[in-house]
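Structure first, commentary second.
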Amino acid sequence: MVHGQLLSCSFGKQDLIQNAVHFIKEAEKITIDEEKEVVFQKIISSNNQLAKKHLWHFNKNVPHWFLSPWFQKTGEREVYRKSKSFSNDCLYALDKDEIEINPRWKYYLIANSGILKDFCYWNLALFL
């Protein structure tokens, strides 16, 4: 607060993610210590249209942006198209309803899965 006024900050896309996570957590009554399978079932069986809209945000934006190191300055449609042939040895191929791991990355991902999971969980914990 500055001089009795609450200051508001915006972190852009980070705010969208945080808002979506918070909304879904509240709408579906998901607790912090909920089992992964329970969270998954609550999300896929949700009838809450606003929760589905928040989830669609992740589906629309996340898969192709994670491929940006392989396809810099490329639009979403082009990323989907190029990824199908694993151009630039990208990590995975995108399709409308699935993601296919590039076979060239399989052993690397298996060998380093513990490190990758720890990295993801650590950064998710920091974010939340």
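The values are calculated or read from the model by the stated rules, or taken from the named source; none is laboratory data. Remember, predicted model here, so these are calculated numbers, not experimental data. A quick note on method: Cβ atoms are made from the backbone with ideal geometry, for glycine too, and the neighbour counts reach across all protein chains shown.
Tabulated values for the structure
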{"item": "All positions within the range 11-65 that are modelled with pLDDT of 85 or more and among the β-branched types (V, I, T)", "result": "I24, I30, T31, V38, V39, I43, I44"}
{"item": "Every residue from the range 39-67 that is over 15 Å from K96 (Cα atoms), surrounded by 12 or more Cβ atoms within 10 Å (Cβ to Cβ) and of a type in the set (S, T, N, Q)", "result": "Q41, S46, N48"}
{"item": "Members of the range 26-44 found to be under 15 Å from the mean Cα position of the chain (by Cα) and basic (K, R), listed by number", "result": "none"}
{"item": "S113, sole failed condition from (1) modelled with pLDDT under 95; (2) touching a strand residue (DSSP E or B) at 6+ places or on another chain (Cβ under 7 Å)", "result": "(2)"}
{"item": "Residues of the range 73-91 satisfying the condition of being touching a His at 6+ places or on another chain (Cβ under 9 Å) and modelled with pLDDT of 95 or more", "result": "S83"}
{"item": "Hits in the range 99-120 (condition: within 23 Å of N59 (Cα to Cα) and of a type in the set (A, V, I, L, M, F, W, C))", "result": "I99, I101, W105, L109, L116, F119, C120"}
{"item": "Matching residues in the range 29-38 - criterion: being closer than 18 Å to N19 by Cβ and surrounded by 14 or more Cβ atoms within 10 Å (Cβ to Cβ)", "result": "I30"}
{"item": "Residue among R77, R81 that alone is of a type in the set (K, R) and surrounded by 10 or more Cβ atoms within 10 Å (Cβ to Cβ)", "result": "R81"}
{"item": "Residue in the range 88-99 that is surrounded by fewer than 11 Cβ atoms within 10 Å (Cβ to Cβ) and β-branched (V, I, T) present", "result": "no"}
